[in-house]
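Taking it in order: structure first as structure tokens, then the write-up.
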Amino acid sequence: AEGGSATAEKATYYQDEEKIVLTGNPVVKQGDDFVEGSTITLFLNEDRSVVEGSKGKRARAVLSPGSAKR
């Protein structure tokens, strides 16, 4: 995967599960693409993420055309 950046008020790393849970206005950016929600979980060894919303804040993703390379 190409490099990106993540910002949040709190990041918790779970070594056994190789995951990072971002809370507190988390935003993950990669190029022109970004996702935001109330909680974002990054699974490091699976190269995937799960974005969750809440009652007060919906999950949102902005993906630029051609960004989904398979």
Report summary line: For the chain, dividing by residue count, accessible area per residue (probe 1.4 Å) in Å² works out to 76 Å²
Query raised in the report: What number, in percent, do you get for the relative contact order of the chain if the mean sequence gap of Cα pairs under 8 Å and at least 6 apart is divided by its residue count?
Result: 25 percent
Query - Ratio of Rg to Rh over the chain (Cα coordinates, Kirkwood Rh, two decimals) - result: 0.96
Report summary line: For the chain, the percent of accessible surface on carbon and sulfur atoms (probe 1.4 angstrom, ligands and nucleic acids excluded) is 46 percent
Query raised in the report: What net charge do the residues around E36 carry, taking every other residue with its C-beta under 10 Å from that of E36, with Lys and Arg at +1 and Asp and Glu at -1?
Result: +4
Report task. Report the charge-dipole magnitude of the chain in Debye, nearest 20, computed about the Cα centre from +1 at each Lys and Arg Cβ and -1 at each Asp and Glu Cβ. Result -> 360 debye
Query raised in the report: Which ³J(HN,Hα) values, rounded to whole Hz and listed in residue order, are derived for the range 32-40 from phi using the Karplus coefficients 6.51, -1.76 and 1.60 in 6.51 cos²θ - 1.76 cosθ + 1.60 with θ = phi - 60°, glycine and proline given as x?
Result: 8, 8, 8, 10, 8, x, 8, 9, 10
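The values are calculated or read from the model by the stated rules, or taken from the named source; none is laboratory data. Only a predicted model underlies this, so the values are computations on that prediction, with no experimental measurement involved. Positions of Cβ are backbone-derived with ideal geometry, glycine not excepted, and every protein chain shown enters the neighbour counts. Surface areas here come from the heavy atoms of the whole protein model, side chains and all, with no ligands, DNA or RNA. Shrake-Rupley method; radii C 1.70, N 1.55, O 1.52, S 1.80 Å.
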